[in-house]
Amino acid sequence: MELVNKLRKRNSEGNPISVGIVGCGQMGSGLAHAVSQVEGMQVNTIADLDTKRAVDTFISLGCDKSDIVITEKKNEAEDAIRSGKRVVTPDALLVTGIDSLEANVEATGVTDIGAQVAYQSIMNHKPIIMLNVETDITVGWYLNQLARSYGSLYTVASGDEPGVCKMLYEQAKLMGFEVVTLGKGKNNKINFDATADLVRDEALSKGMNPKMLAAFQDGTKTMVEMAAVSNATGLIPDVPGMHGPDVPVDRLAETFIPKKDGGIFSGSGRVDFSTGPIAPGVFAIVYSEEERVRKEMKFITRSDGPYYLHFRPYHLCDLETPQSIAEAVLLNEVTVTADQMHSEVVCKAKRAIRAGETLGDIGGTDWYGQIYDYHEARQKKAVPIGIGSKAVAVRDIQKGAIITEDDVRLNDQSFIYRLRRMQDSLYSGGVR
């Protein structure tokens, strides 16, 4: 790919890739620091409602406070960047229209903001790299189709599990293997009752948003990540919620395989996770009956096969995202996109919900996400997690039940709701 040399050339010409970041929490701030270490790439704009947080991030990168401009006006932002200053804005959509920015990264984790930023970036023919996977699994298929039709680029970022799993998938397919499983490690067992209030102290001690930690603990984040993998590769969950057994590394290749060969799956081509000690790793279980390939694998890996483990013991989140930025800008290549809808992450009631109650967001007290086969979820009229926020219950919902569109009145004023309805219309109409 020669990315490093291309970036060095850009740097030597005084023309580093100009990056905008939307959301300056743990991921956005971490990405800004990662980009600052990459020759030939520079963060010029950060959008965050908390402008002090964005300013502090630039200062921590060595910028003088006098060289940071806070504005909500496009012309002021353009002038500031041209004069070598950095821009901070509370307006996420301002970033999508700044001409001098070559790529935007969405890192808020808020589905409606993510949808707006992605859509407007595409409309402005600006590559959009998503660290907001929650938005992607809800309307990523539509945004990908839109970007292609407009000559723009939409992609989920490298570094998070979907990007790294897709890398393992591509490598395996290019070696001629059948990919039986793509999976990730989860560092704790799922606690469906986790809420932001219950995990607040732990979250703050780790510098995390409590709602985000709750979404990790109640399993929603794992479901979201593997749904993105599913929609990018065609692999599906074997059962709703996946299996998630506690399995050590040396038993992955005998567990995440079809039942007919001693594993846990009803068939091949699955996504899943392990709560064993493999976190923060990701893995692929691959298969080959080809005699020469098995001979080579026996010599190289000492494994008899025909099932083999490809294991990466880490994923580095936002630290790896600069690769997706470089690939998007320099090569016009995506990392992860939803080519079809194979999986859906749906809302399930975290508690008994009464008619008239308004539902909260991811990591809250009302619902958690669970992965389902897309067609099964549609048949059940299950509410996708990306449009569950601010829905109003029209009847009582039992704890643990799937929340359906008959159970609630969805927030039809949100932008992501409108995009989702457009996606549903197009996709169910046979645009595959």
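What follows is calculated from the coordinates using simple rules that are stated; it is not laboratory data. Keep in mind that what you see is a predicted model, and the values were worked out from it rather than measured. Methodologically, a virtual Cβ is constructed for each residue, glycine included, from the backbone with ideal geometry; neighbour enumeration extends over all protein chains shown.
Distance between the C-alpha centers of segment 375-432 and segment 270-301? Whole Å please. Computed from Cα coordinates, the inter-centre distance equals 36 Å. Simple rule: put +1 on each Lys or Arg Cβ and -1 on each Asp or Glu Cβ in segment 161-314, find the dipole, and look at Val286, Gly185, Gln171; the Cα lying farthest toward the positive end is Gln171. The relative contact order of the chain comes to 16 percent, based on Cα pairs under 8 Å that sit 6 or more residues apart.
Most simply put, the chain has about 45% antiparallel DSSP beta bridges, counting only bridges with both residues inside it. For Gly244, the amide hydrogen comes within under 5 Å of the amide hydrogens of Phe273, counting only partners 5 or more places away or on other chains and with H modelled in the peptide plane. Using 28 Å as the Cα-Cα cut-off, could you pick out the over-long pairs in Lys173/Lys259; Lys73/Lys166; Lys173/Lys350; Lys9/Lys173; Lys73/Lys126; Lys166/Lys221? The pairs that break the limit, which is 28 Å between Cα atoms, are Lys73/Lys166; Lys173/Lys350; Lys9/Lys173. In straight-distance terms, cross-link reach from Lys399 covers every one of the aspartates and glutamates whose alpha-carbon lies under 16 Å from its own, apart from those fewer than eight places away in the same chain; here that gives Asp193, Asp218, Glu357, Asp366, Asp407. Among (i) -0.58, -1.07, -1.29; (ii) -0.25, -0.85, -1.31; (iii) -0.45, -1.05, -1.32, only one was calculated for this model; which label is it, if the read-out is log10 I(q)/I(0) by the Debye sum over Cα atoms at q = 0.06, 0.11, 0.14 Å⁻¹? Calculated log10 I(q)/I(0) by the Debye sum over Cα atoms at q = 0.06, 0.11, 0.14 Å⁻¹: the matching label is (ii).
Couplings 3J(HN,Hα) for segment 351-360, derived from phi with the Karplus relation 6.51 cos²θ - 1.76 cosθ + 1.60 (θ = phi - 60°), are 8, 5, 10, 9, 4, x, 6, 9, 7, x Hz, where x marks Gly and Pro. Where only DSSP H runs of four or more residues are counted, the chain gives -11000 deg cm²/dmol as its mean residue ellipticity at 222 nm, each run worth -39500 (n - 2.57). Mind checking which aspartates and glutamates have their C-alpha under 18 Å from Lys52, skipping anything on the same chain fewer than 8 residues away? Counting by Cα, and skipping residues close in sequence, Lys52 has these aspartates and glutamates nearby: Asp64, Asp67, Glu72, Asp91. Each Cα pair under 8 Å and six or more residues apart adds its sequence gap; the mean of these over the residue count of segment 67-166 is a relative contact order of 20 percent.
In plain terms, if you count all Cα to Cα distances in segment 1-127 and split them into 5 Å steps from zero, the share in each step is 2, 12, 22, 25, 21, 12, 5, 1 percent.
Enclosing the Cα atoms of segment 161-314 in their convex hull gives a volume equal to 107 cubic angstrom per residue.
Magnitude of the charge dipole for the chain, about its Cα centre and with charges confined to Cβ atoms of Lys, Arg (+1) and Asp, Glu (-1), is about 300 debye. Gyration tensor analysis over the Cα atoms of segment 371-430 returns equivalent ellipsoid semi-axes of 20, 16, 9 Å (largest first, whole Å).
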